[in-house]
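J.: Below: one structure in structure tokens.
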Amino acid sequence: MTSEVRRFAAAGLDAAAGRRRGLAVGALDETGQAKQGVATAGVKRQYMGCAGRVSNGINTVHLAYVRERTGHALVGARQWIPAEQITDPDTAARMGLPSGLEFRTKGQLAIDLCTDAYADGLTFDVICGDEVYGNCTELREFLESRGQAYVLRVASTFMIQVPSGDRLTCAQSVTELAGTGRGWQVRSAGAGSKGQRWYAWAWIATASPRHHLLVRRHLATGELALHHCFAPEG
């Protein structure tokens, strides 16, 4: 049933896009749901995006199929289950967890979701995700092995090798290579509730012709968002 819905949703968005097809984006993210008590599978005190803080609840990793300028649809979801709930037989039985369930990190759940989507014939021009996914080496290697372009947010301490051969953190790379002048271009990240969201952007090369660092800088605060990018040949 999930496969049928997934294929139906993607085909519908592709048809609705028509001649203005635009990019097909796979958006990885997670959704938190606050919960009381300790009986629900996956529930624990953890960071909850819906609350903006550490709270009691569950988190579910999801993959959306986004057709540029057309719309988007949920095409996969996997609930994250803490390892301690899986490895403790009494807890697993009380929560109704299936036998043989293996612990999967959120990055590994993202791999599972992408694998399912590929198996159903979905194709993405690019996969996007936040730090949870950008900092997962296994996920990046999985996508690269398939020749899948990605733009994944990473921490300021994420290491890259620049063309000189030096290994720098992303933060160091911005300071040394982007500077504050002509290395930046001001462009919109799209319309929000208050109009266009303008940021300064920089594109930094690495020692690999296929990998780059995309930097977004807030015009008022100077806050940086760092994205590790893979662009397959062709």
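The values are calculated or read from the model by the stated rules, or taken from the named source; none is laboratory data. None of these values were measured; they are calculated from a predicted model. Note that each Cβ is placed from the backbone with ideal geometry, even for glycine, and that neighbours are counted across all protein chains shown. Accessible surface is based on the protein model in full, side chains and every heavy atom, while ligands, DNA and RNA are left aside. Shrake-Rupley method; radii C 1.70, N 1.55, O 1.52, S 1.80 Å.
J.: As a check on your grasp of the helix formula, calculate [θ] at 222 nm for the chain: sum -39500 (n - 2.57) over DSSP H runs of n ≥ 4, divide by the residue count, round to the nearest 500. Before the final figure, lay out the partial values.
T.: Details: 7 runs with 59 residues, N = 234.
Helix contribution divided over all residues of the chain: -7000 deg cm²/dmol.
J.: Which is farthest toward the positive dipole end of segment 82-234 among A119, V186, V132, measuring Cα position about the Cα centre, with Cβ charges +1 (Lys, Arg) and -1 (Asp, Glu)?
T.: V186
J.: Using Cα pairs closer than 8 Å and at least 6 residues apart in sequence, work out the relative contact order for segment 37-126, in percent.
T.: Answer for segment 37-126 is 24 percent.
J.: Let me ask something else about it. For segment 115-216, how big is the tail of P(r) above 22 Å, as a whole percent of Cα pairs? Write down the numbers at each step before the final one.
T.: On the way: 2063 of 5151 pairs.
Percent of Cα pairs beyond 22 Å in segment 115-216: 40.
J.: Could you tell me the center-to-center distance, by alpha carbons, between segment 172-234 and segment 31-100 in angstrom?
T.: Answer, in whole Å: 31.
J.: Also: Mind grabbing the accessible area of V186 for me, 1.4 Å probe, Å², rounded to tens?
T.: Around 90 Å² of this residue is reachable by solvent.
J.: Accessible area per residue for the chain in Å², computed with a 1.4 Å probe and the full protein assembly in place, what is it?
T.: Each residue of the chain exposes 56 Å² on average to a 1.4 Å probe.
J.: Where does the charge balance sit around G22 when Lys and Arg score +1, Asp and Glu -1, over other residues with C-beta under 12 Å from its C-beta?
T.: Result for the local shell: +2.
J.: Once the other residues with Cβ under 12 Å from the Cβ of F158 are scored (Lys, Arg +1; Asp, Glu -1), what is the net sum?
T.: Once all neighbours under 12 Å are counted, the net charge is +2.
J.: Also: For segment 166-234, what does the alpha-carbon gyration tensor say about shape, rounded, prolate or oblate, given a ≥ b ≥ c as the root eigenvalues, a/c under 1.5 as rounded, and a/b over b/c as prolate?
T.: The shape class here is oblate.
J.: Leaving ligands, DNA and RNA out of it, work out the accessible area of T105 with a 1.4 Å probe and give it in Å² to the nearest 10.
T.: 50 Å²
J.: Same structure again: Grab the beta carbon distance between R182 and E138, set R0 = 35 Å, and tell me the FRET efficiency rounded to 0.05.
T.: Computed FRET efficiency for R182 and E138 comes out at 0.40.
J.: While we're here: Averaging over all projection directions, find the projected area of the Cα convex hull of segment 19-94 and quote it in nm² with one decimal place. List each step's numbers first, then the result.
T.: On the way: hull surface 24.7 nm².
Mean shadow area of the hull around the Cα atoms is 6.2 nm².
J.: Given G22, A220, V151, which one lies farthest toward the positive end of the charge dipole of the chain, if we put +1 on the Cβ of every Lys and Arg and -1 on the Cβ of every Asp and Glu?
T.: Among G22, A220, V151, the one farthest towards the positive end of the dipole of the chain is A220.
J.: In debye, nearest 20: dipole of segment 55-153 around its Cα centre with unit charges on the Cβ of K, R (+) and D, E (-)?
T.: 280 debye
J.: From the Cα gyration tensor of segment 127-170, with a ≥ b ≥ c the square roots of its eigenvalues, which class applies: rounded if a/c is under 1.5, or else prolate if a/b is larger than b/c, or else oblate?
T.: Verdict is oblate for segment 127-170.
J.: Would you kindly give the portion of the calculated P(r) for the chain that falls above 29 Å, as a percent of all Cα pairs?
T.: Here the tail beyond 29 Å accounts for 38 percent of pairs.
J.: Which percentage, to the nearest 5, of the DSSP beta bridges contained in segment 1-139 is antiparallel? Mind dumping the intermediate values first?
T.: On the way: 24 of 27 bridges.
Among the beta bridges of segment 1-139, antiparallel pairing accounts for roughly 90 percent.
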